[in-house]
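Participant: Quick one: the structure is below, and I'll ask about it shortly.
The values are calculated or read from the model by the stated rules, or taken from the named source; none is laboratory data. The shown structure was predicted, so the numbers you read here are calculated from the model rather than taken from an experiment. A quick note on method: Cβ atoms are made from the backbone with ideal geometry, for glycine too, and the neighbour counts reach across all protein chains shown. The protein model used for the area step is the full one, side chains on, heavy atoms only, and it has no ligands, DNA or RNA in it. Shrake-Rupley method; radii C 1.70, N 1.55, O 1.52, S 1.80 Å.
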Amino acid sequence: MEEIQAMANVTPTEGILACVTGNCTENGTMQYENATSVSTSHHEHPPYQIVFIFGSCGVGAVLRILLRKWANFVSDWKWGSLLKIPYTVFLLLIGMVLEAIALAYPAEVQRYLLSEIDPELFLHVFLPVVIFESAYIIDIHVFWRSLGHVSLLAVPGLLIATMLTACLSLVLPEIGGLHDMQAKMYIALIFGAIISATDPVAVVALLKELGSQKYLGTIIEGEALLNDGAAIVVFKIFLELLKSTTPHFESLTALETFALVMQQSLLGPVIGWFLARIGSFILQKIYNDALAEITVTLSLTYITFYVGEICKTSGVLAVVTFGLALDRASITPAVDHFLHQFWEMLAYLANTLIFVIVGIIVVKHMDNMNIYDVGYMLVIYVCTTAIRALSIFCFFPFMKRLGLDLSWRHVLVMTWGGLRGAVGLALAIYLRSYEAILSPEVQSAGNRSSTYQSETSTGTQQGASDSQIDFEIIFEKILIHTGGIVLLTLVINASTIEAVLKKLGMLDVTHAQQVTMQNAVNRIQDNLKRSVGILKYDRFLADAKWNMVEDLTTVEYPYKNATCNDPEGDEENEGTIVEICHSQHATFKDLFEEARLRLIKALKMSYGKQYINGMLSDQEARVLIAAADTAADKPGEFINVENIRKNWKVRGTLPYIKGKLEDMMYSRKTTDLVPPRRRQLRKIFRLVTSAKFEIFMQCVIITNVVPIVLDFVVDETWENTEDWWLALQLVNIGFIIIYCIEVLLKLLGLGSKQFIKSRWNQFDILILIISFIEIIIDFTLIQSPLGPGNIVKTVKTTKVIKFGKITKVIRSLRATRLLRLSKTVLPRTLDFVNKLINMRLSFGYNVAKGFVAAEEEVSKLIISISENRNIQKKLMHASNNNRLTVTREMGLLQRDHPGIAISVKTRNAIRTILNNSRDAIQQLCSGGVLDETEMQLLERGVELRQKRLSNFPSTLAPPPPEDLLENIYWVKGNPKLLEFVKAHAVCMDYDYGDVIMEEDDVVDGIHIIVYGMIKLFGSLHGHIQQIRLRTDTFRNTFSAKQRNGDDDDDIPEANDEDFLGSGNIIGEMGLLTQSNRSCTITCETAVQTYFLSKEDLELAFGLFSKLKKAMWKVVAIRISAPLYLQHLEYQGTAIEQIHMHLSKGNIVELNETNPLFFISDDIIEVSIIYGEVKVPFTGEILKAPFVLHPEYEQLGIHNCNLAILLVIQREHLNVDTVASGLALKHNRGSRLPSISQVGGSLYGRKGSRAITTEELSEN
């Protein structure tokens, strides 16, 4: 009774804690002694292990911070890299020190430690986290690209290392001294599998931190990932084989061994892949819910692991496959960063606890350790390093043939980077759980680890006393040596890997990288200097100590220790922009390759932004990023358009099925049928070709399903079976008569020739023939003549035959009548196939649109990527070629499938507006107009609409041409102007190859493209967002000042090329400037346009005073947007956001009457759209197109009759207005340019306006 009472007094929390600390049995009940002790100390001894867990995490965090500071402190030392010890080494030592203190003071300290943790629980709690985190954060593209290399190292390489390490383990007396050769072999192989499991976290982290050798780091990380899974599979296989050698378990046959290997190797990945598909499906249904998405990944990780373990396979391989197969794109972009941080934290906590606990356990089992074990440990360490080198070198020739450029230096790094870590330690601890299983008659006393129920069957206790193997001692030695090898690899390999990389020259900064870094530093310094110059105008900051500001904001050149071989190199001056020499070694090839990679990276960043903004779906972004990664892998190559063209070229099964279905359905249309001449037959013709007749026959067929089913169901055990049979036969004959009447009517109405040409009619005749054959065979088998009034007699005499197998086969022929229903099913099937094709085309069109948008955006950054003119030209040429090729493909796709293009454009427009709505809501909240609850309520409505876009139709009917006129920017909102445009617009049609206008033609009006695609060739200023590589462009971009506008007049104007489709307007710039046509326009397809003549538009300018400025504003936005992307503040900003920002500007016209424009404090940016302006006080000349910030007091027209400015004023936020959602990365003063800033200057000097000639003369 006392025992029962003691057990009853144990709380659930104490029971769980007892299991965690190893004090519960396999079925969950605690042993009596532990239960009594826990219940007795319920109030006196709280769960101190909780203090240990969180204390270890806290100590690990403090240790991590201190070691990072120490690493920064010694980084400049000559041998400082050797002093960077991984923090896991200190955790291991901390655990060992804690256990040493606990052994000295067991009563005070031991209760705080998890020294008695259940080994199986230890493995199952920590291992899934470590494995999934490694699989999830790996670069998927690089991993699949190097899968061949990884697989060679992780599977055959691991097996070689395991076998050689097993042979090496025989030097240990505890293993080599065993007399049972079979058990000795299995134990040695288990030890080899444990030691062969690599964990190169420190090496991979170093390679990522240094930003070099991306492929090498991924190969090492991927090899460790698969290596761990393979090592655990080998470990479990030989552990099961070891169990079969003991007298307590049955021996495994060869077939059972093969089944065990297959089960451990193949079933786990299948489970992981299946659960990854489920997880991806669930995550796709969640939108922007960080808690839900993180919880799904966490729960599915453990579910995957435990499902694998329950199925007696490798849970680790299941988790590895789950982590690799989980669709990253199914996670909301805004949550992805938090998810990475969450799993990084969990892996950090798991590694922290693993190393501390291992340190505790190793010291706890060091009673049997002697000086010889230290020698064995050193020997094993040296030999395992040599074994890893051998296993890698064996496959090095094969790895070189798999595509990646690997050298002997990479092999040395992979050898030296083969650290041992958490996985090997977890397996060594898990091995202790088998001590009681393998030797159930040997029970540990005292504070040994928890006992386990043996998996023995009946009679397994016989012969137990014959076993002479002390598994307890052997497994203790394996744990000690594993901990020693882990410690040695971390202390020696991890701390010296940076020195090894430097010695091999793998951390050297190339001259191309130095030049690129110099360009970036120069741009940043120019931007900072400009910012300082503008801030000095701020009335609040004018008296700041600017010398100190400049000293403390100077960006240092990070490669200042890089050597330079140019004897004429300038000396570095502190506080100035660092300039490195352009050595002869900085060849054009190296510079071009560096620029090419940065261009591809910029493209990938653009794809990512489009995905985040919802312009691309997850799959579309993955297609483009994969194409970019493929191009990056091939030196000198750019993105191959062929790799993405296949996304909108529908080939294969779907077009074939569609063609066959259409051929079957529309082999002869009803409108092609010729009615007969006779009046009565024409009535029958109209009947059989009507929809009502077809519907009636389909209803007859559906009704016929009932007797067909009953014919199979009726059995001789039924009552009145013969009556049932008679009724079914009569009904069958009745339906056959109806089908005969149908055929007869069609023959009369269509005529024999037209009837037989239809495949459907041929099919009807075939079914009718089958029905007659069925009746003939049925009555022939009963050997009874048919005649009038003899049907009932015939049926009654066939009781035996009608239930025979032959009769069932005959009756099954009646089911062929159901095939006639395919007439109804085929249209639905065709609709479904068309839907799949449209979805594919829509997918491809959006991929093409994302590609073109990225190319247009990145082309503005080429002058920032490299300052070498030849490299810039090559990059621009490649970018333009790809853009034009895909643009043309999009135009042709829109010509053939206009509904697809309309759907994509409509969806993107909705997405853009919803994004702007969300930004406006956040701006209102930040301005205090909305509180958090109201903001979340509004955002929830926006997110719901964004989520509905995932089900947006893949095709939409094109709008009528009149809608294009209504949606023109300078027409919309003005009904009278719309009526004027409709009244004067002339619809014009052009064929392929026609020339709409030629360069230097006199402007006669504008064209609004309704249908088709045109090609533009010439100077496209004002038509497309194109940046030409000219010297004055560089001066405008980087210096922000142009001293002389005539320096580059000898540079010829470049001819550009582009394609435009429906909805675009051509000819606006020439009309507004009264200049000749600047380009030649030809038709790439049949084209339809609305033409508005010059005379009509001049009349409209007189009738509608704001029309001309509205037109100029459209042109100004088109010209200014690409100029903004050249500035650092706006790089990374979506083009749609820049358009929204520019739309708030006003057009200012400078001419002879109004020659000057004063810039007030409220003006943040001014774009020169057309003409030239001059700064009166400095004499600087600024040519269009140009974006300037308000560092000038006034501007004046220069050397032209007309200058157009787009002026952006600061927004004054109130309850009726919402500031732009576009914000820069740093705060600005009242004179500093800003796209978004709440509030503004309350005391401007003067308003912004143009000054007339009269006012100027008065002054």
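Participant: Of the accessible area of the stretch 311-391, with the probe set at 1.4 angstrom, what percent is carbon plus sulfur?
Facilitator: Carbon with sulfur: 71 percent of the solvent-accessible area.
Participant: State the Cα centre-to-centre distance between the stretch 44-105 and the stretch 1142-1170 in whole Å.
Facilitator: 63
Participant: Further question on the same structure: What's the center-to-center distance, using Cα atoms, between the stretch 149-193 and the stretch 282-318 in Å?
Facilitator: 33
Participant: Now for a separate question. Pop out the ³J(HN,Hα) list for the stretch 373-385 in order, Karplus 6.51 cos²θ - 1.76 cosθ + 1.60 with θ = phi - 60°, rounded to Hz; leave Gly and Pro as x.
Facilitator: Those phi angles translate into 5, 5, x, 4, 4, 5, 5, 5, 4, 5, 5, 5, 5 Hz.
Participant: With every protein chain left in place, what is the accessible area per residue of the stretch 898-1008 in square angstrom, probe 1.4 Å?
Facilitator: Here the per-residue accessible area is 56 Å².
Participant: For a protection proxy built on the mean count of beta-carbon atoms within 10 angstrom, sort 674-680, 614-620 highest first, please.
Facilitator: Answer by packing, highest mean first, reads 614-620, 674-680.
Participant: Where does each of 1136-1146, 155-165, 957-967 land if you order them by average Cβ count within 10 Å, highest first?
Facilitator: By packing density, highest mean first, the sequence is 155-165, 1136-1146, 957-967.
Participant: Quick one: 3J(HN,Hα) in Hz for the stretch 53-58, Karplus 6.51/-1.76/1.60 with θ = phi - 60°, rounded, Gly and Pro as x.
Facilitator: 4, 6, x, 5, 5, x
Participant: Just the number, please: carbon plus sulfur as a percent of the accessible area of the stretch 915-995, 1.4 Å probe, no ligands or DNA/RNA counted.
Facilitator: 53
Participant: Karplus couplings for the stretch 177-186 from phi (6.51 cos²θ - 1.76 cosθ + 1.60, θ = phi - 60°), rounded to Hz, Gly and Pro as x?
Facilitator: For the stretch 177-186, the Karplus curve yields x, 6, 8, 6, 5, 5, 5, 4, 5, 5 Hz.
Participant: Can you give the accessible area per residue of the stretch 1092-1190, in Å², using a 1.4 Å probe?
Facilitator: 35
Participant: Right, another one. How far is the Cα center of the stretch 1065-1087 from the Cα center of the stretch 364-391, in Å?
Facilitator: If you average the Cα positions of each part, the centres end up 80 Å apart.
Participant: When you count, for each residue, the other Cβ atoms within 10 Å and take the mean per peptide, how do 119-129, 758-768 rank with the highest first?
Facilitator: 119-129, 758-768
Participant: Roll a 1.4 Å probe over the protein heavy atoms and report the accessible area of LYS972 in Å², nearest 10.
Facilitator: Spelled out: LYS972, probe radius 1.4 Å, area about 140 Å².
Participant: Moving to a separate point now. With every protein chain left in place, what is the accessible area per residue of the stretch 253-360 in square angstrom, probe 1.4 Å?
Facilitator: 42
Participant: Another question, if that's okay. Report, by chain and number, residues whose modeled amide H sits under 5 Å from the one on ILE996, excluding near sequence neighbours (fewer than 5 apart, same chain).
Facilitator: So ILE996 has HN proximity to ILE1081, THR1082, CYS1083.
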